[in-house]
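A quick write-up on the structure given underneath.
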């Protein structure tokens, strides 16, 4: 790991907290909760992380969640991620969670939100790490189911900053959730959505126009549409790109073929994120390093992506100014200009 990357102050905007469950924690929680897994040990579970596409990952991903039952489970999972992120110089993180994947198993939403939020608060108090929590709808479920979880989340509204949309993109376009997004917007939620990962560039456009999101999660398919790229650059719509995830799920065949630098050099607000790092082989530092080793990104380009992340986050202008100063100071210390 280069010293420049290792010490770079970072902001993470695309992180599924359930995707941080390392095999060791999966088995520890399974033992604590008396759950028998389909895998003999941690090595056997990790060996299952040979994905062919998004759906093959989701099959394993949802199975791993079955060990999460209590508020303490959600706290322990979140704290493990935050500890790792703090060690990698992540100063601010905006975290997704999938409530329907838990409430459909009978886990109370209060336990889910309570455990995650308690860990976020502890990180803020202990390290000064700021955060936002984003509740994601599972797009393979119905819009009616999304409306239901939006209603159930009302008592926790003060702990939730935004709404997201994840899971299987194929066959579940943004239009399917236009009404529930309108309802969330009326309630004051900030809005983001996964689009243009496995789906076409049109999904990105529809997420902007039909869902009225302010940020696109993934968005790498934008490279297929020149006019869309111009719009994204002109309007400074952030893309929360996840390089190692794209490689692991075969969105790209090789890191050298990743469109990240094409998008960056076209003036888009692209940011670096880890997505589901326990499953895809890398947290933030590894994703930055992969862009440098596999794609040839310069330190200056990595610095620009770090600044883009600050621009795209939901902190106040005053808080952003502090982070911008620290990122630029880091660049200056290494003689790097963006």
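The values are calculated or read from the model by the stated rules, or taken from the named source; none is laboratory data. Predicted model only: the values in this text are computed from it and were never measured. Here the Cβ positions follow ideal geometry from the backbone for every residue, glycine too, while neighbour counts run over all protein chains shown.
Summary of values
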quantity: Search result, residues across the stretch 141-165 that are in a loop (DSSP other than H, G, I, E, B) and farther than 20 Å from residue 212 by Cα; calculated: 141, 153
quantity: Of the criteria (1) surrounded by 17 or more Cβ atoms within 10 Å (Cβ to Cβ); (2) in contact with a helix residue (DSSP H, G or I) (Cβ under 9 Å, 6 or more places away or on another chain), which one residue 142 fails; calculated: (1)
quantity: Subset tally (residues that are touching a residue at least 60 places away in the same chain (Cβ under 8 Å) and either surrounded by 18 or more Cβ atoms within 10 Å (Cβ to Cβ) or within 12 Å of residue 137 (Cα to Cα) (or both)) for the stretch 81-110; calculated: 14
quantity: Some residue of the stretch 314-332 being farther than 24 Å from residue 130 by Cβ and not in a helix (DSSP H, G or I); calculated: no
quantity: Among the candidates 225, 275, residue that is surrounded by 19 or more Cβ atoms within 10 Å (Cβ to Cβ) and either closer than 28 Å to residue 180 by Cα or modelled with pLDDT under 95 (or both); calculated: 275
quantity: Search result, residues across the stretch 121-138 that are buried (at least 18 other Cβ atoms within 10 Å of the Cβ) and either closer than 21 Å to residue 64 by Cβ or without any contact (Cβ under 8 Å) to a residue 12 or more places away in the chain (or both); calculated: 133, 134, 135, 136, 137, 138
quantity: Subset of the stretch 166-192 (residues that are part of a strand (DSSP E or B) and closer than 17 Å to residue 58 by Cβ); calculated: 166
quantity: Among the candidates 18, 22, residue that is touching a residue at least 24 places away in the same chain (Cβ under 8 Å), within 30 Å of residue 270 (Cβ to Cβ) and crowded, with 20+ Cβ neighbours inside 10 Å; calculated: 18
quantity: Residues located in the stretch 200-221, provided they are outside any helix (DSSP H, G or I) and more than 17 Å from the chain's Cα centre (by Cα); calculated: 200, 210, 211, 212
quantity: Residue satisfying all of: in the stretch 25-45; more than 21 Å from the chain's Cα centre (by Cα) and surrounded by 15 or more Cβ atoms within 10 Å (Cβ to Cβ); nearest to residue 167 (Cα to Cα) among these; calculated: 45
quantity: Qualifying positions in the stretch 275-303 - part of a helix (DSSP H, G or I), more than 19 Å from the chain's Cα centre (by Cα) and closer than 18 Å to residue 337 by Cβ; calculated: 292, 299, 300, 301, 303
quantity: The one condition in (1) under 30 Å from residue 25 (Cα atoms); (2) part of a helix (DSSP H, G or I); (3) touching a helix residue (DSSP H, G or I) at 6+ places or on another chain (Cβ under 6 Å) that residue 310 fails to fulfil; calculated: (1)
